[in-house]
1. Going through the stretch 1046-1062 one residue at a time, which ones are surrounded by 14 or more Cβ atoms within 10 Å (Cβ to Cβ), over 15 Å from Ser999 (Cβ atoms) and touching a residue at least 40 places away in the same chain (Cβ under 8 Å)?
2. Do we have Phe582 as open to solvent by less than 20 Å² (accessible area, probe 1.4 Å), among the hydrophobic types (A, V, I, L, M, F, W, C), in contact with a strand residue (DSSP E or B) (Cβ under 8 Å, 6 or more places away or on another chain) and free of Cβ contacts under 8 Å to residues at least 24 places away in the same chain here?
3. From (1) in contact (Cβ under 8 Å) with a residue 24 or more places away in the chain; (2) surrounded by fewer than 19 Cβ atoms within 10 Å (Cβ to Cβ), pick out the condition that doesn't hold for Ala161.
4. Taking the options Asp597, Asp608, name whichever one is in contact with a helix residue (DSSP H, G or I) (Cβ under 9 Å, 6 or more places away or on another chain) and assigned by the TED database to the domain that holds Asn650.
5. Residues Gly311, Gly354: which one is assigned to a helix (DSSP H, G or I) and outside the structural domain of Cys261 (by the TED database)?
6. Check Leu954 against each of (1) over 18 Å from Leu863 (Cβ atoms); (2) at pLDDT below 90 and name the one condition it does not meet.
7. Does Asp155 count as touching a Lys or Arg at 6+ places or on another chain (Cβ under 9 Å) and under 26 Å from Leu332 (Cβ atoms)?
8. Are any residues in the stretch 253-271 under 22 Å from Gly90 (Cα atoms) and not acidic (Asp, Glu), and if so, which ones?
Amino acid sequence: GAKMSRRRADSEGSMRPDDEVMPYSDDETDDELDTSESEAEGEPEVTQAHVEASLPDVNWRVKANDRPYHQQPQFQKKVFLCIKKSRYSGNAIKTYKYNVLTFIPLNLYEQFKRAANLYFLALLILQIIPQITTLPWYTTLIPLVVVLGITAIKDLVDDLARHRMDKEINNRKCEVLLNGSFQDSRWRQIQVGDVVRLKKNDFIPADLLLLSSSNPNSLCYVETAELDGETNLKFKMGLRVTDEMLQEERQLADFDALIECEEPNNRLDKFLGMMQWKGERYPLELDNMLLRGCKVRNTDVCHGLVIFAGGDTKIMKNSGKTRFKRTKIDELMNYMVYTIFAVLILVAAGLGIGHTFWYEQIGSKAWYLYDGLNYNATYRGFLSFWGYIIVLNTMVPISLYVSVEVIRLGQSKFINWDLQMYFAEKDTPAKARTTTLNEQLGQIQYIFSDKTGTLTQNIMEFKKCTIAGRSYGTGIFPVDWSWNQYADQKFQFMDHLLVANVKSKKDKDAMEFFKLLSLCHTVMVDNKDGDLVYQAASPDEGALVTAARNFGFVFLSRTQDTITIMEMGQEKTYEMLALLDFNSDRKRMSIILKFPDGRIRLYCKGADTVIYERLSTNTQHHQTTQEALDIFANDTLRTLCLCYKDISANEYEAWSRKHKEAQLVMGDREAALDSVYEEVEKDLMLIGATAIEDKLQDGVPETIATLAKADIKIWVLTGDKKETAENIGYSCSLLTDDMTVHYGEDPPTNFRRARQTPEEPFFTETGKNALIITGGWLIDFVDMACECEAVICCRVTPKQKANVVSLVKKYKKAVTLSIGDGANDVNMIKTADIGVGISGQEGMQAVMSSDYAFAQFRYLERLLLVHGRWSYIRMCKFLRFFFFKNFSFTLVHFWYSFFNGYSSQTAYEDWFITLYNLAYSSLPVLLVGLLDQDVNDRLSLKFPKLYIPGQQGLLFNYKNFFISLFHGIFVSLIIFFIPYGAFLQTMGQDGEAPSDYQSFAVVTASSLIFTVSLQISLDTSYWTFVNCFAVLGSIAIYFGFMFDIHSAGIHVIFPSVFTFTGAASNALRQPYLWLTIILTVGISLLPVICIQFLYKTIWPSVGDKVQRNRKKYELQMEEKKKKPEPFQRGRRSRRSAYAFSHSQGYAGLISSGQSIRRRPAARSGANANIREIPHRGAENI
């Protein structure tokens, strides 16, 4: 009967749209968005009898203690041509990408998948062809090698870290049964069918079938944080037969069962199998399995049989494909690079045709241009076309991609180093886990947030109560608990009157109230060094039992059918006749007790809606309690009603017979039990109600308010019921009193039909709108929901969370961000453009799949409004300037071509072309991309409106790109034609004309360097020592290098490579040429300065205004710090929410006695007498 009574295997999830119904698997695609809701609406439950009859195709066979069995030919699968491999994976895992041999080829292959790298490779090949080469090959090779090298090193470092991690995990120690005795072995040596012994706090090395444990009833407690993010302990149990017969080493060595089960899959909530042993067949289910990634707790020793190893384990199957995320700017940048390619080909073609005509008319006639090659004009034009492709290739500089990577890396480091996003209590800094998405943080339009653990702390506190029509809990000073030796000193309550009533023992209702709280629950207790430690199935339960304990009704211990409590100093034991468990449809739980004096009484606690329907007609305080509940709900507290009923012995006998019959029903057992429960839970007498606060995380309301001002729409997706969700919505100021709240219970047929024109808005009247909606209907609502300021979706499964995100992404083309903290949010985090994990109460699952991680929701505001906005501004400024500096550099060749017969001669020296992007102009613009800020972080947070240009993508788009292009054309015109004019008819001072080609190249190059350096100085809005150093340093490097390259010494060593001997020193001796440079630079910059001045005075942006009044605002903020603002709270509308948040199934366990035992000492730690270790079941009701 033990197994039957605790059937929480398959049916647990099917009655509510819970995480279990739709598993979190990553292989499902968006095509399944329309999955019918029927899954979630509740289907008949699968019972044990069913399971045995209809196992799916079970073709996974495991034989215990028999390694050769698994090597048989029928268990081989084809890998490649005729190489075969066992279908059973070894236990070693591999998360790395490269090994010593494959690193170079694979890495290069991955890098050449980028269009830009391929383009440069093609150019390099063109430059090696002697007929068309206009620039030496090293001008492309050096930058290309540098780029590939840097990226390869980065990949190598990442991969080495993975290698190290894999090695560490694969070499963990574990005891395995080999040749009849347990021996130490490494994880990677474990094979399917091995028997493994685990001790307390060991990680589980593979998916095991639990055979036996040192606890009674073969219970084994595991912590599943790595798997599903829940920190509470789950219990697993072995089959009774294996537990009794497999305790000794010798017995385990003779164990030879054959397991048949389903193939490896990624469903964490299902396992079906069958064990054949000694001629008997036994069914296996998920509760018999210990999954890899969990940790053994509170269990000294347990033994397991390996079913799935390594890559076949559920945790590895669930790791899912990580979607490759790219930012909008990345896509834009690629399109712009394609645009430049197109321009480049057109220009080169034009110049190639020009050369053909020029050669026919002039070149072929000029005897002094004869080069001894008998090419005809067309062929020369063709060669000239390729030549110009090479000369003008610097319009798409290879260093663009490197610089972008460097900037992103730097910005990620700034996020990691930000002390204002460091959470000291848990010692967790913020962490940017990807380096490729920073500027996208400045463009977010929608935020999707989980509720439990993200907005709230998931810590419950007993705040208020109403007993027999009187409300308690509104005092000012906390109560002193020193009179009660069992009290938990951490527990705070604000009303002395209630304590006095209970202590005087005169207030019978109050006594009854706390007696109910101490008896009617499914909490387990641990006696640890005289301290009591409660293990509750949900934080709510723990809070209520702790409250009762502080008021003098201390829950001490329970056995299979008794509960012992300390009642105001007297120990009493009650006989537990029945425990009517909670589930999400009943919304209540009851317990039937036999008092020491023989009376039989039923205690019940549950949601007000279900309790009020079942109250007796002559109950009192009906109205006053209802009013108190309204007040509690308006304070966003979670409420439960408490009531009792006396039962006569005969009534109980009759009911008990029905109850026993219902327990043995094989078909739909849940429904049979429910109807039996209904018979006894009626005519109840109301005692009162409790109110519990689910505490919000610090700073949540302020953060949400600030983000809303930045025009970011916030959607909360939660598994909670509507009322609870709405309450939280109000308390975290997502919903405000000036919003009209619309409820979406069923798809609005009238809405969809009524709108013939899609452009017409849903909400005709002005004002703010909010929508509260149940998970399933979202598809009909996308347009409507996107018009709302706030949307709350209740009762959503993890799969639906991801669907909501992809709907908005798909239909609104919006940039989305998801934030969550548990494994049920993983899907949503991976789907959104940016996923943020909160490293909080739950496990690390969400953090592992996120792009950014930090410890508190309130840091989101800083991540977006400061880091995101800055990253976006910097990246845009960087790209605009980068395109500009390369256009103004490259197009000089274009103007020069009209004067050299389009013969693809370069206007500068080769070395200048090579070093321009690498050394001369890279640093200042790189530093702007890393350090620039228009206003500081405090003002960025004070004026959330500054965020809006990023959302609209105003700072970098095709318009800006063409402005950069025309700016570049203008500057290149000036840089070519002013020196050209100055050189036309001149004489040097000493009678030598400085108007030779080499002097001209030096003058244009110098003018270009000055113009670009000064232009970036104009664009820098935040000057640091480094920026200053970089601008001056670039100019210094330019002159230093140039004089070296033009020196006689280097010419002697490489005469063919360094041909500009003495050009620089000769040219720059002439004051005339310096004046030319000054004139050129002046004319290039003047128009820009004028335009910027006009823009800032006549059409200033929000940022300009804030910048202008910066000092004033900073003073205001200093003053504001001194006087805190009063905080108002007070709501008008009634919202009900009840406090029950654990999954069903604990009652069966308790009443069957399977977890009542001497618990070994639990975790040590707190100094208070009692600690609660909340057991977080499913997060929702």
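The values are calculated or read from the model by the stated rules, or taken from the named source; none is laboratory data. Everything numeric here is computed off the predicted structure, so don't read it as measured data. We place every Cβ from the backbone using ideal geometry, glycine too, and count neighbours over all the protein chains shown. We work out accessible area using only protein heavy atoms, side chains counted, and drop any ligands, DNA or RNA first. Shrake-Rupley method; radii C 1.70, N 1.55, O 1.52, S 1.80 Å.
1. The one that is surrounded by 14 or more Cβ atoms within 10 Å (Cβ to Cβ), over 15 Å from Ser999 (Cβ atoms) and touching a residue at least 40 places away in the same chain (Cβ under 8 Å): Phe1058.
2. Numbers: open to solvent by less than 20 Å² (accessible area, probe 1.4 Å): yes; among the hydrophobic types (A, V, I, L, M, F, W, C): yes; in contact with a strand residue (DSSP E or B) (Cβ under 8 Å, 6 or more places away or on another chain): yes; free of Cβ contacts under 8 Å to residues at least 24 places away in the same chain: no.
The answer is no for Phe582.
3. Unmet condition: (1).
4. Every option except Asp608 fails the conditions.
5. Gly354
6. (2)
7. For Asp155, the condition - touching a Lys or Arg at 6+ places or on another chain (Cβ under 9 Å) and under 26 Å from Leu332 (Cβ atoms) - is met.
8. At the first step, the residues of the stretch 253-271 found to be under 22 Å from Gly90 (Cα atoms) are 253, 255-268, 271.
Scanning the stretch 253-271 gives Ala253, Phe255, Ala257, Leu258, Ile259, Cys261, Pro264, Asn265, Asn266, Arg267, Leu268, Phe271.
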